[in-house]
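Peer 1: My structure is below; once you've seen it, I'll send some questions.
Nothing in this text is a laboratory measurement; each read-out follows from the coordinates by a stated rule. This is a predicted model, so every value here is computed, not measured. Backbone-built Cβ (ideal geometry, glycine too); neighbour counts: all protein chains shown.
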Amino acid sequence: MTEFQVTNQNSGNTFLVRTDETVLDSLLRQGTAVPYSCRNGTCAACKATLVSGRVIYDDYDPSALTDDEIANGAILLCRAHPREDLEICAEEIDLLSNLVIQKLPCRVIELNRLAHDVMEVKLALPRDTTFQFIAGQYIDIMMRDDKRRGFSIANAPGSDLLTLHVRHVPRGRFTSHIFQAMKIRDILRLEGPLGTFFLRKDSDKPIIMIAGGTGFAPLHAILEDLFRGAEYNRPIHLFWGVRDLRDLYHRDLVESWVEEHQGVFQFTAVLSEPEATNDWRGETGWVHESVLRHYPDLSNFEVYASGPPPMIEVIRDTFPEHGLLPAQLYYDSFEFSSDTLYPAES
């Protein structure tokens, strides 16, 4: 099979990439991590610079890589296949270089309904298995039809279990299975750890965290990891946007963190469609708008955002207008492709 050499000018490292794999998949296979999230051409987290060479692309969302960006040398590593030797400029993340991406069986040991449409799924890994990850990363559940479903790990490292927060997607094939048919002791197969969404601890900037729905899951893992360690004093303000009060499935836990870490940790819940009967007197509207009401100048902050693509896209588009540099924004974009859905009922 034909292979092409890819050189990263930022690091001087070179890699061989097969024509049947993307540049990103090849880097991960060879133990090199660059920024990425969705791996399906939606979130734009893996966007880098193509210095020289030619690529072809799998399908991707045009908003993740525009024609103008391509003309100016941008490349989407998760969808690009080389057709000659390449030179690129991409950030390499040394912290992830020692983490081994594995394919493993796992057993469902708990199913807990956290909300009307959110299930907590706890998975046990095989005995004597070492599975190392960084809080904020995710796993892929591998399906029999060779499809995959990505879920953030909602617990901090150090446990023998992996916890997922799964929202039921209407007509969703796998999420419907979880809510309607999955049983304790069922066997699944996973690949991980994946993703580059984790807290950068080499900064002292105050942190704004933004969760949309079950985008709270990786932030839960990050916060749990921080708060169980030594005394923590880097300011964090968590904004969690959901439709209604019932969707704040871990509200009591988050508010207990506020009490335990007064002066360091703040929490603002934002409801987009609050029920009138709840007499909600907190913030309403879109969560990113709430952030900007609190912090119109973002130049001295780092932002960690996790949620659906529209939320991430509007944050990417609008926050730079308020002083946020691209290097100070880290995000994890949740996306459901069309193959996750059953046909609509007539």
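Peer 1: Could you sort 264-277, 293-306 so that the peptide with the highest average Cβ count within 10 Å comes first and the rest follow in order? Don't jump to the answer; show the numbers that get you there.
Peer 2: Working: 264-277: 16.1, 293-306: 17.8.
Ranked from most to least packed, the peptides come out as 293-306, 264-277.
Peer 1: Once you wrap a convex hull around the alpha carbon atoms of the range 31-97, what is its projected area averaged over all directions, in nm²? Can you show the working numbers first?
Peer 2: On the way: hull surface 17.7 nm².
One quarter of the hull surface, i.e. the mean projection, equals 4.4 nm².
Peer 1: Calculate the FRET efficiency for LEU245 and ARG127 from the Cβ-Cβ distance with a Förster distance of 41 Å, rounded to the nearest 0.05.
Peer 2: Taking R0 as 41 Å, the efficiency between LEU245 and ARG127 is 0.50.
Peer 1: Report for the chain the percent antiparallel among DSSP-assigned beta bridges with both residues inside it, nearest 5. All intermediate terms of the calculation are to be shown ahead of the outcome.
Peer 2: Details: 43 of 71 bridges.
The antiparallel proportion sits near 60 percent.
Peer 1: Using a 10 Å cut-off on Cβ atoms, rank the peptides 186-197, 127-138, 212-223 from the highest mean neighbour count down. Walk me through the numbers on the way to the answer.
Peer 2: Numbers: 186-197: 19.6, 127-138: 16.5, 212-223: 26.0.
Highest-to-lowest ranking by the protection proxy: 212-223, 186-197, 127-138.
Peer 1: Still on this structure, I have one more. Hull surface divided by four, with the convex hull built on the Cα atoms of the chain: how many nm²? Mind dumping the intermediate values first?
Peer 2: Numbers: hull surface 78.3 nm².
Its Cα hull, projected and averaged over all orientations, spans 19.6 nm².
Peer 1: Applying the Karplus parametrisation 6.51 cos²θ - 1.76 cosθ + 1.60 with θ = phi - 60° to the phi angles of the range 25-38, what ³J(HN,Hα) value in whole Hz is obtained for each residue in order, glycine and proline being reported as x?
Peer 2: Using θ = phi - 60°, the values come out as 4, 5, 4, 5, 4, 9, x, 10, 9, 10, x, 6, 9, 6 Hz.
Peer 1: How long, wide and thick is the range 1-71, going by the Cα atoms along their three principal axes, in whole angstroms, largest first?
Peer 2: Principal extents (Cα only, largest first): 29, 27, 23 Å.
Peer 1: Would you mind checking LYS103/LYS205; LYS47/LYS201; LYS47/LYS147 for any pair whose Cα atoms are more than 29 angstrom apart? Could you put the intermediate results ahead of the total?
Peer 2: Details: LYS103/LYS205 36 Å; LYS47/LYS201 23 Å; LYS47/LYS147 24 Å.
Beyond 29 Å between Cα atoms: LYS103/LYS205.
Peer 1: To continue, here is another question. Over all distinct Cα pairs, what is the inverse of the mean 1/r for the range 99-194, reported as the Kirkwood hydrodynamic radius in Å? Spell out each step's value before the answer.
Peer 2: Working: mean 1/r = 0.0737 Å⁻¹.
Result for the range 99-194, one decimal place: 13.6 Å.
Peer 1: How much length is gained if the chain between ALA327 and MET1 is pulled fully straight, taking 0.36 nm per residue apart and subtracting their Cα-Cα distance, in nm to one decimal? Write out the running numbers ahead of the final one.
Peer 2: Numbers: separation 326, 0.36 × 326 = 117.36 nm, distance 3.74 nm.
Net length gain for the segment: 113.6 nm.
Peer 1: Using only the alpha-carbon atoms, what does the range 207-333 span along each of its principal axes? Please give whole angstrom values in decreasing order.
Peer 2: 42, 36, 23
Peer 1: For the pair GLU231 and ASP94, how long in nm is the line joining their label points, each one 7 Å along Cα→Cβ?
Peer 2: According to this spin-label approximation, the distance is 3.1 nm.
Peer 1: Based on the alpha-carbon set only, what is the convex hull volume of the range 181-233 divided per residue, in Å³?
Peer 2: Numbers: hull volume 7.7 nm³, N = 53.
Convex hull of Cα atoms, per residue: 145 Å³.
Peer 1: Oh, and also: GLN266's amide H: which non-local residues (gap 5+, or another chain) put their own amide H closer than 5 Å, with H modeled 1.01 Å from N in plane and none for Pro or chain starts?
Peer 2: Here ILE236, HIS237, LEU238 satisfy the definition.
Peer 1: So what is the relative contact order of the chain, in percent, for Cα pairs below 8 Å that sit 6 or more residues apart?
Peer 2: Numbers: 713 pairs, mean separation 51.3, N = 346.
It rounds to 15 percent for the chain.
Peer 1: Tell me the label-point distance for the pair SER203, THR19, using the 7 Å Cα-to-Cβ offset, in nm and rounded to one decimal.
Peer 2: 4.2 nm
Peer 1: Taking only DSSP H segments of four or more residues, each worth -39500 (n - 2.57), what value at 222 nm results for the chain once the sum is divided by all its residues, to the nearest 500 deg cm²/dmol? Walk me through the numbers before you get to the answer.
Peer 2: On the way: 7 runs with 60 residues, N = 346.
Theoretical 222 nm ellipticity from helices: -5000 deg cm²/dmol.
Peer 1: Please report Rg over Rh for the range 1-119, where both radii come from the alpha carbon positions and Rh follows the Kirkwood definition. Write down the numbers at each step before the final one.
Peer 2: Values: Rg = 16.8 Å, Rh = 15.7 Å.
With Rh from the inverse mean 1/r over Cα pairs, Rg/Rh is 1.07.
Peer 1: I would also like to ask the following. Return one quarter of the surface area of the convex hull spanned by the alpha-carbon atoms of the range 151-288, equal to its mean projected area, in nm².
Peer 2: On the way: hull surface 42.6 nm².
For the range 151-288, the mean projected area of the Cα convex hull comes to 10.6 nm².
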